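The values are calculated or read from the model by the stated rules, or taken from the named source; none is laboratory data. All of these numbers come straight from a predicted model, not from anything done at the bench. FYI the Cβ positions are ideal-geometry reconstructions off the backbone, even for glycines, and counts take in every protein chain you see. Heads up: the accessible areas ignore ligands, DNA and RNA and are worked out on the full protein's heavy atoms, side chains in. Shrake-Rupley method; radii C 1.70, N 1.55, O 1.52, S 1.80 Å.
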Amino acid sequence: MMERGTSYFGVRDPRHAEHDLDRFGDEGLDAVLHTFSERDQRYYQETMADLVAASHDRGQRVYVNPWGVGRVFGGEALSEFIGRNPDSRQRLSTGDRVPAACFNDPKFRGFMREWTRDAVDLGADVIFWDEPHWYVPGWDADPLPEGAWTCRCDACRERYEAEYDEAMPATETDRVVEFQEASLFDFLEEMMALVREEGAENAVCLLPGDSSEHGLTDWERLAASDHIDVFSTDPYWAAFDEEMESFVDEYTDRVVSLADEYDLESQIWIQGFALPDDPETPKKVERATEIAVEGGVDSVFMWGWDACRVISSIGTTDHDAVWNAYLDALPDE
């Protein structure tokens with residue numbers, strides 16, 4: 001049976017959350033992703049464990065993700081780590097720092113090992129590595145200066161020189177891009193291995209596209225990892241300014257094919273945020289969900305619950321219609 005779920009965030013009162021979880025079950029959902037930000041880790045660990053337990057009590061499979069942690073994962077959450085550890089931030093080829101942690105920085109690696117153990121200790125079934133990416137110009141600030149790239153911090157330069165027996169160049173070469181990809185993959189391998197040791201499963205959600213700064217471009221290498229269980233992507237057509245049908249169909253087919261080849265679960269996320277104020281929007285959401293279902297995915301989720309009604313900056317105007325369009329397109333139990 002296909003798994004049906006949603007991400008859940010913004011509510012840290014178990015009494016209120018339990019009401020929403022009950023409703024999700026009544027609406028036919030059997031899985032939920034609870035966001036676990038740096039703020040949650042510092043101040044709400046026991047509360048988050050209660051939310052996970054409440055989800056399990058309702059028969060829901062629970063995913064937990066590093067929401068905005070280090071500003072190198074997806075999510076509308078701030079990072080205290082990069083404020084407290086400015087030397088752990090990525091460095092542009094110009095020498096300037098950017099507001100995102102570096103995957104090669106030893107302090108950030110240590111911090112992420114702590115986050116990983118804490119996330120599994122909540123009782124999570126699956127740790128959801130959500131859009132791991134290098135700093136993306138334009139997402140958080142103005143575009144980078146022409147020719148600038150990241151990351152060229154001390155940790156990256158030392159690792160590059162050790163691996164290639166040459167100094168890291170100031171220009172972005174094919175070998176630099178190869179190094180960026182290998183560094184991110186190595187980071188994920190370390191964290192996913194730790195998740196398995198701690199007794200949970202791993203899902204990795206890659207951003208659609210073939211840009212190295214957006215994450216991994218070699219999807220097959222990730223699918224072949226010994227530590228991954230769920231292969232996921234999020235073809236958010238409006239976010240990427242793509243034609244919905246072809247975009248969702250392309251990435252559904254890509255994920256399902258890789259998952260089948262490497263005996264993994266396949267997962268597609270449906271866009272439920274920052275959608276156009278257009279009467280056709282609910283119909284597109286319904287059709288996108290149908291494409292994923294017809295494409296044979298094992299799991300389909302919407303980001304996020306109630307079409308992100310509670311996040312005004314990215315919420316969709318007709319959130320009830322969008323949410324219901326998603327639910328209506330899901331197969332019966």
For the range 61-84, does any single residue satisfy the condition of being in a loop (DSSP other than H, G, I, E, B), farther than 28 Å from CYS156 by Cβ and open to solvent by 40 Å² or more (accessible area, probe 1.4 Å)?
-> no
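Does VAL297 satisfy the condition of being more than 23 Å from HIS19 (Cα to Cα) and not charged (D, E, K, R)?
yes
So in the range 293-310, with the set limited to residues that are open to solvent by less than 30 Å² (accessible area, probe 1.4 Å) and out of contact with any Phe, Trp or Tyr (no Cβ under 6 Å at 6 or more places or on another chain), which one is farthest from MET2 (Cα to Cα)?
GLY304
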Considering only helices (runs of 4 or more DSSP H) fully contained in the range 1-60, which possess at least 1 residues that are small (Gly, Ala, Ser) and either open to solvent by 20 Å² or more (accessible area, probe 1.4 Å) or within 21 Å of VAL297 (Cβ to Cβ) (or both)?
-> 14-26, 45-57
Unmet requirement for GLU290, which otherwise passes all of (1) in contact (Cβ under 8 Å) with a residue 60 or more places away in the chain; (2) open to solvent by less than 70 Å² (accessible area, probe 1.4 Å); (3) charged (D, E, K, R) = (1)
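Could you identify the single residue in ALA101, ALA31, ALA77, ALA49 that is within 30 Å of ASP332 (Cβ to Cβ) and not basic (Lys, Arg)? Even if it seems obvious, please write down each step before you answer.
On the way: ALA101 fails: within 30 Å of ASP332 (Cβ to Cβ); ALA77 fails: within 30 Å of ASP332 (Cβ to Cβ); ALA49 fails: within 30 Å of ASP332 (Cβ to Cβ).
The match here is ALA31.
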